[in-house]
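Peer 1: First the structure, which I've put down as C-alpha coordinates, then a few questions once you've had a look.
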Amino acid sequence: MGVKGERDGPSPHRISKEKPNQNLKNIMSNLSMEQWGEPIGPEVMVHSTSQQAVEQLAGEIAAGIRKRTRQGGRYVLGLATGSTPIPLYEELVRLHREEGLSFEKVTTFNLDEYYGLSPESEQSYHHFMQKHLFSKVDIAPERIHIPDGMVPRNEVERYCAEYEEAITQAGGIDLQILGIGRTGHIGFNEPPSDDSTRTRLVTLDPVTRQDAASDFGGLDFVPKEAITMGIATILEARTAVLLAWGERKQEIVSRSLASSPSSSIPASFLNLHQDAAYLLDEAAAPEFQPA
Ligand code: PGA
(Lines give C-alpha, C1' and ligand atoms only; values in the text may rest on other atoms or scores of the structure.)
Protein backbone atom coordinates (compact mmCIF):
# COMPACT_ATOMS: atom_id res chain seq x y z
CA MET A 1 0.00 0.00 0.00
CA GLY A 2 2.98 2.31 0.36
CA VAL A 3 1.40 4.15 3.27
CA LYS A 4 4.66 4.38 5.17
CA GLY A 5 6.54 5.91 2.29
CA GLU A 6 4.13 8.75 1.73
CA ARG A 7 5.71 11.15 4.17
CA ASP A 8 9.41 11.82 4.35
CA GLY A 9 11.39 11.84 7.54
CA PRO A 10 11.21 9.84 10.69
CA SER A 11 8.22 9.47 12.93
CA PRO A 12 7.89 12.42 15.31
CA HIS A 13 7.82 9.84 18.07
CA ARG A 14 10.48 8.26 20.07
CA ILE A 15 9.00 6.22 22.82
CA SER A 16 11.51 6.47 25.65
CA LYS A 17 14.08 3.72 25.78
CA GLU A 18 14.28 4.10 29.52
CA LYS A 19 12.68 1.17 31.20
CA PRO A 20 11.36 2.12 34.61
CA ASN A 21 11.53 -1.49 35.72
CA GLN A 22 15.02 -2.90 35.44
CA ASN A 23 13.71 -6.44 35.72
CA LEU A 24 12.48 -6.07 32.17
CA LYS A 25 15.81 -6.95 30.66
CA ASN A 26 15.52 -10.27 32.41
CA ILE A 27 11.91 -10.69 31.38
CA MET A 28 12.78 -10.08 27.77
CA SER A 29 15.68 -12.51 27.86
CA ASN A 30 13.29 -15.20 29.01
CA LEU A 31 11.08 -14.65 26.01
CA SER A 32 11.60 -16.46 22.76
CA MET A 33 12.12 -13.61 20.32
CA GLU A 34 15.67 -14.78 19.56
CA GLN A 35 14.32 -17.52 17.35
CA TRP A 36 13.41 -14.76 14.89
CA GLY A 37 17.06 -13.83 14.40
CA GLU A 38 17.81 -10.19 15.22
CA PRO A 39 15.46 -9.44 18.11
CA ILE A 40 13.25 -6.65 16.80
CA GLY A 41 10.62 -7.36 19.40
CA PRO A 42 8.53 -4.60 20.88
CA GLU A 43 9.75 -2.44 23.67
CA VAL A 44 8.15 -3.34 26.98
CA MET A 45 7.67 -0.49 29.42
CA VAL A 46 6.30 -1.21 32.87
CA HIS A 47 5.15 1.55 35.18
CA SER A 48 4.05 1.19 38.80
CA THR A 49 0.60 2.49 37.90
CA SER A 50 -1.48 2.92 34.77
CA GLN A 51 -1.66 6.65 35.57
CA GLN A 52 2.12 6.97 35.27
CA ALA A 53 2.03 5.00 32.05
CA VAL A 54 -0.62 7.18 30.42
CA GLU A 55 1.16 10.35 31.50
CA GLN A 56 4.23 9.14 29.62
CA LEU A 57 2.28 8.22 26.51
CA ALA A 58 0.16 11.39 26.52
CA GLY A 59 3.40 13.38 26.76
CA GLU A 60 4.78 11.53 23.72
CA ILE A 61 1.57 12.13 21.78
CA ALA A 62 1.50 15.82 22.73
CA ALA A 63 5.12 16.22 21.60
CA GLY A 64 4.26 14.50 18.30
CA ILE A 65 1.23 16.71 17.72
CA ARG A 66 3.15 19.90 18.54
CA LYS A 67 6.09 18.96 16.33
CA ARG A 68 3.92 18.09 13.34
CA THR A 69 1.81 21.22 13.84
CA ARG A 70 4.97 23.39 13.89
CA GLN A 71 6.01 21.77 10.62
CA GLY A 72 2.66 22.78 9.14
CA GLY A 73 1.40 19.21 8.83
CA ARG A 74 -1.30 17.09 10.36
CA TYR A 75 -0.77 14.47 13.02
CA VAL A 76 -2.65 11.23 12.45
CA LEU A 77 -3.67 9.36 15.58
CA GLY A 78 -5.12 5.84 15.62
CA LEU A 79 -7.54 5.44 18.52
CA ALA A 80 -8.84 2.54 20.57
CA THR A 81 -11.87 2.10 22.80
CA GLY A 82 -12.67 -0.01 25.86
CA SER A 83 -11.85 0.66 29.49
CA THR A 84 -8.07 0.64 28.96
CA PRO A 85 -7.53 3.93 27.07
CA ILE A 86 -9.96 5.99 29.21
CA PRO A 87 -7.21 7.33 31.55
CA LEU A 88 -5.12 8.22 28.48
CA TYR A 89 -7.99 10.28 27.07
CA GLU A 90 -8.44 11.95 30.46
CA GLU A 91 -4.79 12.95 30.40
CA LEU A 92 -5.01 14.25 26.81
CA VAL A 93 -8.06 16.32 27.81
CA ARG A 94 -6.10 17.68 30.78
CA LEU A 95 -3.21 18.63 28.48
CA HIS A 96 -5.70 20.41 26.22
CA ARG A 97 -7.35 22.31 29.07
CA GLU A 98 -4.33 23.10 31.21
CA GLU A 99 -1.37 23.10 28.84
CA GLY A 100 -2.85 24.42 25.62
CA LEU A 101 -2.50 21.22 23.57
CA SER A 102 -4.55 21.77 20.42
CA PHE A 103 -6.15 18.98 18.38
CA GLU A 104 -7.01 21.36 15.53
CA LYS A 105 -4.38 19.78 13.28
CA VAL A 106 -5.07 16.20 14.34
CA THR A 107 -6.79 13.57 12.21
CA THR A 108 -8.06 10.44 13.92
CA PHE A 109 -8.95 6.92 12.83
CA ASN A 110 -10.63 4.56 15.27
CA LEU A 111 -9.88 0.87 15.15
CA ASP A 112 -13.38 -0.53 15.15
CA GLU A 113 -17.13 -0.28 15.73
CA TYR A 114 -19.84 -2.81 16.53
CA TYR A 115 -21.83 -3.75 13.44
CA GLY A 116 -25.49 -2.87 13.69
CA LEU A 117 -25.10 -0.12 16.30
CA SER A 118 -25.99 3.44 15.34
CA PRO A 119 -23.64 6.26 16.36
CA GLU A 120 -26.32 7.44 18.81
CA SER A 121 -26.37 4.14 20.67
CA GLU A 122 -24.79 4.50 24.11
CA GLN A 123 -22.74 1.35 23.59
CA SER A 124 -21.37 2.48 20.23
CA TYR A 125 -17.76 3.49 19.93
CA HIS A 126 -18.91 6.71 18.27
CA HIS A 127 -20.64 7.57 21.54
CA PHE A 128 -17.64 6.41 23.59
CA MET A 129 -15.23 8.65 21.68
CA GLN A 130 -17.48 11.70 21.91
CA LYS A 131 -17.90 11.17 25.63
CA HIS A 132 -14.27 10.56 26.54
CA LEU A 133 -12.35 12.72 24.07
CA PHE A 134 -13.90 14.46 21.08
CA SER A 135 -16.46 16.60 22.90
CA LYS A 136 -13.74 17.82 25.26
CA VAL A 137 -11.04 18.94 22.80
CA ASP A 138 -10.88 21.21 19.74
CA ILE A 139 -10.76 18.51 17.08
CA ALA A 140 -12.51 19.24 13.76
CA PRO A 141 -15.45 16.81 13.30
CA GLU A 142 -14.56 16.28 9.63
CA ARG A 143 -11.18 14.86 10.63
CA ILE A 144 -12.66 12.19 12.91
CA HIS A 145 -13.00 8.73 11.35
CA ILE A 146 -14.76 5.83 13.06
CA PRO A 147 -16.05 2.80 11.12
CA ASP A 148 -19.77 3.12 10.47
CA GLY A 149 -21.61 0.22 12.09
CA MET A 150 -24.74 0.92 10.05
CA VAL A 151 -23.38 0.36 6.55
CA PRO A 152 -25.71 -1.97 4.64
CA ARG A 153 -24.25 -5.44 4.35
CA ASN A 154 -23.95 -5.30 0.57
CA GLU A 155 -21.88 -2.09 0.85
CA VAL A 156 -19.52 -3.20 3.61
CA GLU A 157 -16.73 -4.31 1.32
CA ARG A 158 -16.66 -1.03 -0.60
CA TYR A 159 -16.97 0.94 2.66
CA CYS A 160 -14.01 -0.89 4.23
CA ALA A 161 -11.84 -0.27 1.15
CA GLU A 162 -12.72 3.43 1.44
CA TYR A 163 -11.72 3.44 5.12
CA GLU A 164 -8.30 2.06 4.13
CA GLU A 165 -8.04 4.65 1.37
CA ALA A 166 -8.86 7.46 3.80
CA ILE A 167 -5.96 6.37 6.03
CA THR A 168 -3.63 6.35 3.03
CA GLN A 169 -4.87 9.78 1.89
CA ALA A 170 -4.22 11.16 5.39
CA GLY A 171 -0.58 10.08 5.03
CA GLY A 172 -0.80 6.95 7.20
CA ILE A 173 -1.17 6.68 10.95
CA ASP A 174 1.59 8.25 13.04
CA LEU A 175 0.74 6.48 16.28
CA GLN A 176 -1.80 3.72 16.83
CA ILE A 177 -3.11 3.13 20.33
CA LEU A 178 -4.17 -0.45 21.01
CA GLY A 179 -5.79 -2.44 23.79
CA ILE A 180 -5.63 -6.22 23.95
CA GLY A 181 -8.56 -8.54 24.47
CA ARG A 182 -8.33 -11.77 26.43
CA THR A 183 -8.53 -13.60 23.10
CA GLY A 184 -5.35 -11.80 21.99
CA HIS A 185 -7.28 -9.52 19.66
CA ILE A 186 -6.10 -6.04 18.70
CA GLY A 187 -8.91 -3.98 17.27
CA PHE A 188 -11.52 -6.69 16.80
CA ASN A 189 -9.09 -8.98 14.98
CA GLU A 190 -10.06 -12.19 16.73
CA PRO A 191 -8.04 -15.36 16.31
CA PRO A 192 -7.42 -16.51 13.66
CA SER A 193 -6.49 -13.18 12.04
CA ASP A 194 -3.27 -12.94 10.10
CA ASP A 195 -1.07 -10.09 8.99
CA SER A 196 -2.68 -9.82 5.57
CA THR A 197 -6.04 -8.75 7.01
CA ARG A 198 -7.48 -5.33 6.15
CA THR A 199 -10.50 -3.35 7.34
CA ARG A 200 -13.45 -5.75 7.19
CA LEU A 201 -16.56 -7.16 8.83
CA VAL A 202 -15.69 -9.77 11.46
CA THR A 203 -17.49 -12.13 13.84
CA LEU A 204 -16.75 -11.49 17.52
CA ASP A 205 -15.28 -14.26 19.64
CA PRO A 206 -17.58 -15.60 22.40
CA VAL A 207 -15.00 -14.52 25.03
CA THR A 208 -15.04 -10.95 23.69
CA ARG A 209 -18.85 -10.89 23.71
CA GLN A 210 -18.86 -12.23 27.26
CA ASP A 211 -16.43 -9.49 28.34
CA ALA A 212 -18.76 -6.87 26.81
CA ALA A 213 -21.94 -8.34 28.29
CA SER A 214 -22.10 -6.04 31.31
CA ASP A 215 -21.87 -2.94 29.07
CA PHE A 216 -24.87 -4.16 27.10
CA GLY A 217 -27.00 -5.37 30.01
CA GLY A 218 -26.56 -9.03 29.10
CA LEU A 219 -24.85 -11.30 26.58
CA ASP A 220 -27.92 -11.49 24.36
CA PHE A 221 -27.65 -7.78 23.59
CA VAL A 222 -23.98 -7.81 22.56
CA PRO A 223 -23.60 -7.50 18.77
CA LYS A 224 -22.18 -10.57 17.07
CA GLU A 225 -20.19 -8.66 14.47
CA ALA A 226 -17.98 -5.61 14.10
CA ILE A 227 -16.06 -3.63 11.50
CA THR A 228 -12.37 -3.48 12.37
CA MET A 229 -9.12 -2.32 10.86
CA GLY A 230 -7.03 -5.35 9.92
CA ILE A 231 -3.69 -6.48 11.28
CA ALA A 232 -1.99 -5.27 8.08
CA THR A 233 -3.63 -1.86 8.57
CA ILE A 234 -2.41 -1.68 12.17
CA LEU A 235 1.13 -2.80 11.30
CA GLU A 236 1.41 0.09 8.82
CA ALA A 237 1.16 2.65 11.62
CA ARG A 238 4.57 4.25 12.11
CA THR A 239 4.37 3.62 15.87
CA ALA A 240 2.06 1.19 17.67
CA VAL A 241 1.54 1.22 21.43
CA LEU A 242 -0.39 -1.55 23.16
CA LEU A 243 -1.75 -0.64 26.60
CA ALA A 244 -2.70 -3.18 29.24
CA TRP A 245 -3.51 -2.78 32.91
CA GLY A 246 -4.29 -5.20 35.69
CA GLU A 247 -3.87 -8.84 36.51
CA ARG A 248 -6.70 -9.83 34.18
CA LYS A 249 -4.48 -9.00 31.18
CA GLN A 250 -1.26 -10.53 32.46
CA GLU A 251 -1.68 -13.97 30.91
CA ILE A 252 -2.53 -12.78 27.40
CA VAL A 253 0.21 -10.12 27.50
CA SER A 254 2.78 -12.76 28.46
CA ARG A 255 1.56 -15.15 25.78
CA SER A 256 1.57 -12.47 23.12
CA LEU A 257 5.07 -11.28 23.97
CA ALA A 258 6.44 -14.81 24.09
CA SER A 259 4.77 -15.98 20.90
CA SER A 260 6.24 -15.99 17.47
CA PRO A 261 3.90 -13.95 15.24
CA SER A 262 0.82 -16.10 14.90
CA SER A 263 -2.79 -15.72 13.82
CA SER A 264 -3.80 -17.62 16.96
CA ILE A 265 -2.69 -14.56 19.02
CA PRO A 266 -3.24 -11.63 16.66
CA ALA A 267 -1.46 -9.16 18.99
CA SER A 268 1.74 -11.19 18.53
CA PHE A 269 2.11 -9.71 15.04
CA LEU A 270 3.24 -6.54 16.81
CA ASN A 271 6.41 -8.48 17.58
CA LEU A 272 7.32 -7.89 13.90
CA HIS A 273 6.88 -4.12 14.05
CA GLN A 274 9.94 -1.85 13.96
CA ASP A 275 8.48 0.62 16.45
CA ALA A 276 6.00 -1.08 18.73
CA ALA A 277 5.74 -0.89 22.49
CA TYR A 278 3.78 -2.60 25.21
CA LEU A 279 2.96 -0.07 27.89
CA LEU A 280 1.96 -1.93 31.04
CA ASP A 281 1.31 -1.48 34.71
CA GLU A 282 3.02 -3.89 37.08
CA ALA A 283 -0.02 -6.12 37.44
CA ALA A 284 -0.22 -6.73 33.67
CA ALA A 285 3.52 -7.29 33.20
CA PRO A 286 4.95 -10.75 32.55
CA GLU A 287 6.16 -12.31 35.76
CA PHE A 288 9.80 -11.80 36.51
CA GLN A 289 11.66 -15.07 36.46
CA PRO A 290 15.28 -15.09 37.65
CA ALA A 291 17.56 -15.97 34.73
P1 PGA B 1 -10.70 -3.32 27.53
O2 PGA B 1 -10.76 -3.97 26.08
O3 PGA B 1 -9.87 -2.10 27.41
O4 PGA B 1 -12.12 -2.96 27.87
O5 PGA B 1 -10.10 -4.34 28.44
C6 PGA B 1 -9.57 -4.08 25.38
C7 PGA B 1 -9.81 -4.78 24.06
O8 PGA B 1 -10.68 -5.66 23.99
O9 PGA B 1 -9.12 -4.47 23.08
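Peer 1: Between a first residue in segment 174-188 that is without any contact (Cβ under 8 Å) to a residue 12 or more places away in the chain and farther than 15 Å from Asn271 by Cβ and a second residue that is within 8 Å of the ligand (Cβ to nearest atom) and of a type in the set (S, T, N, Q), which pairs have beta carbons less than 8 Å apart while being 6 or more apart in sequence or on different chains?
Peer 2: Every condition considered, no pair remains.
Peer 1: Check off (1) closer than 15 Å to Ile227 by Cα; (2) over 20 Å from the mean Cα position of the chain (by Cα); (3) without any contact (Cβ under 8 Å) to a residue 40 or more places away in the chain for Val156 and give me the number that stays unchecked.
Peer 2: In the conditions (1) closer than 15 Å to Ile227 by Cα; (2) over 20 Å from the mean Cα position of the chain (by Cα); (3) without any contact (Cβ under 8 Å) to a residue 40 or more places away in the chain, Val156 misses (3) alone.
Peer 1: What helices (runs of 4 or more DSSP H) completely inside segment 205-291 contain at least 3 residues that are at pLDDT 95 or above and surrounded by 19 or more Cβ atoms within 10 Å (Cβ to Cβ)? Spell out the reasoning first.
Peer 2: Working: elements: 206-216, 231-235, 250-258.
Qualifying helices (runs of 4 or more DSSP H): 231-235, 250-258.
Peer 1: Name the residues in segment 94-121 that are free of Cβ contacts under 8 Å to residues at least 40 places away in the same chain and either assigned to a helix (DSSP H, G or I) or hydroxyl-bearing (Ser, Thr, Tyr) (or both), would you?
Peer 2: Those that are free of Cβ contacts under 8 Å to residues at least 40 places away in the same chain and either assigned to a helix (DSSP H, G or I) or hydroxyl-bearing (Ser, Thr, Tyr) (or both): Arg94, Leu95, Arg97, Glu98, Glu99, Ser102, Thr108, Ser118, Ser121.
Peer 1: Since Asp194 meets every condition but one in (1) among the acidic types (Asp, Glu); (2) within 18 Å of the chain's Cα centre (by Cα); (3) within 15 Å of the ligand (Cβ to nearest atom), which condition does it not meet?
Peer 2: For Asp194, the exception is condition (3).
Peer 1: Can you name the condition, by its number, that Glu157 falls short on among (1) in contact with a helix residue (DSSP H, G or I) (Cβ under 8 Å, 6 or more places away or on another chain); (2) surrounded by fewer than 19 Cβ atoms within 10 Å (Cβ to Cβ)?
Peer 2: (1)
The values are calculated or read from the model by the stated rules, or taken from the named source; none is laboratory data. All values reported here derive from a predicted model rather than from experimental measurement. All Cβ positions, even for glycine, are placed from backbone atoms using ideal geometry, and neighbour counts span all protein chains on display.
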